[in-house]
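Peer 1: Here's a structure for you.
The values are calculated or read from the model by the stated rules, or taken from the named source; none is laboratory data. Predicted model only: the values in this text are computed from it and were never measured. All Cβ positions, glycine included, derive from the backbone under ideal geometry; neighbour counts span all protein chains shown.
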Amino acid sequence: MLFLIDHVYTRSDPYLRPFKDTWLPISLSDSAFFNEILSHVSAHVFTLRSRLQTRDDCAQSIALHSRAINSIRTRLLDPVLGISDGVIGTVLAFASFSHRTNDWAEYDMHMGALYRIIEAREGVSCLSPNPVLRHLLSIVDLAGTCPLEKPRPLFPLPRSDTEITSWPWPAPPTPYPDQRIWKHAFPASSPLLPIFHDLTTFVMILKSDLMREVSKSEIALSIDRSTIHSLVDRLEDLSIPVLAITEDNLLEECCGLAALLLIRNISYYFSVSGSSPLDTENYKLITNVQKLHIILVTNIYYKKWLLFKPLLN
């Protein structure tokens, strides 16, 4: 267990960022929660060493996971201990990592249990003193609402004035193509699948750096310019003229434009050294916004609600 903790805090692996920034610190107050998070770190280390994609072969991960389950089962019988923040966090971790591996039956089971536990505490306001856990709850909830095409999330969104010192992370993106969450947004053959996976990793690392509260100029120097240029070039190569947009390619074009807007806003905001001149980037930004407006508003494609679930995701 000491090795796993050390591994999280000393390795630069981007897949460990959510554990380092959010899951491990918030789990320290509850043994079951702590064991469950270390279980997933152990599975990740096992995968790196053995190149196997299943944690079912990792004895240490199974042992830690079993400890967490046994603790939760025992406490759920108690009317007070069974509705604690530690129990909520542990069950949320169960749901988050079921979501990561696309095990939707387990995800629904855990989220249903969370709903009943939180109802027993008279609603999500009970988590107000624990804003990180409150935000994690909505992040995991929303992340499952889109691909499962549910009409609404289980829990209301946090109030905008909720103070939080660092933004929490959901589960890290998986390195395996057959487990990527983006496969629920795009067809299996879509060239956007690997691009959005790389974009997710890039944004996750950037947000993790922002948590360190360093200056904007320092972060600008640390941003990988080649990654930004590569993402923009790959997305622009797939761009489709407005007149060629049909219902079949609508989703991918809108998502591609949204991704370009995000990347260009990041570049513009941080004044990334070595990128295109700011006036050129600003022109491209406006052009992409206008194109998206024409597609969705002028051509009335905004009425296709299913488009917006992957776009929101």
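Peer 1: Given (1) within 17 Å of the chain's Cα centre (by Cα); (2) at pLDDT 80 or above; (3) in the same structural domain as His229 (by TED's automatic domain parsing), where does His184 come up short, assuming only one miss?
Peer 2: (2) is the only condition that His184 fails.
Peer 1: Another one. I'm told Met1 meets every condition in (1) surrounded by 13 or more Cβ atoms within 10 Å (Cβ to Cβ); (2) in contact (Cβ under 8 Å) with a residue 12 or more places away in the chain except one. Can you identify the failing condition by its number?
Peer 2: (1)
Peer 1: Can you work out which of the residues in the range 101-117 that are in contact (Cβ under 8 Å) with a residue 24 or more places away in the chain and surrounded by 20 or more Cβ atoms within 10 Å (Cβ to Cβ) is farthest from the chain's Cα centre (by Cα)?
Peer 2: For the range 101-117, the residue satisfying everything is Leu114.
Peer 1: Is it the case, given these coordinates, that Leu81 is at pLDDT 85 or above, of a type outside the set (Gly, Ala, Ser) and closer than 15 Å to Ile26 by Cβ?
Peer 2: No.
Peer 1: Of the conditions (1) over 19 Å from Trp104 (Cα atoms); (2) modelled with pLDDT under 90, Val124 satisfies every one except a single condition; which number is it?
Peer 2: (2)
Peer 1: Continuing with the same structure: If you check every pair at least six apart or on different chains, which have Cβ atoms under 8 Å apart with a residue in the range 230-244 that is acidic (Asp, Glu) first and a residue that is surrounded by 12 or more Cβ atoms within 10 Å (Cβ to Cβ) and assigned to a helix (DSSP H, G or I) second?
Peer 2: Between residues of the range 230-244 that are acidic (Asp, Glu) and residues that are surrounded by 12 or more Cβ atoms within 10 Å (Cβ to Cβ) and assigned to a helix (DSSP H, G or I), the close pairs are Glu236/Leu260.
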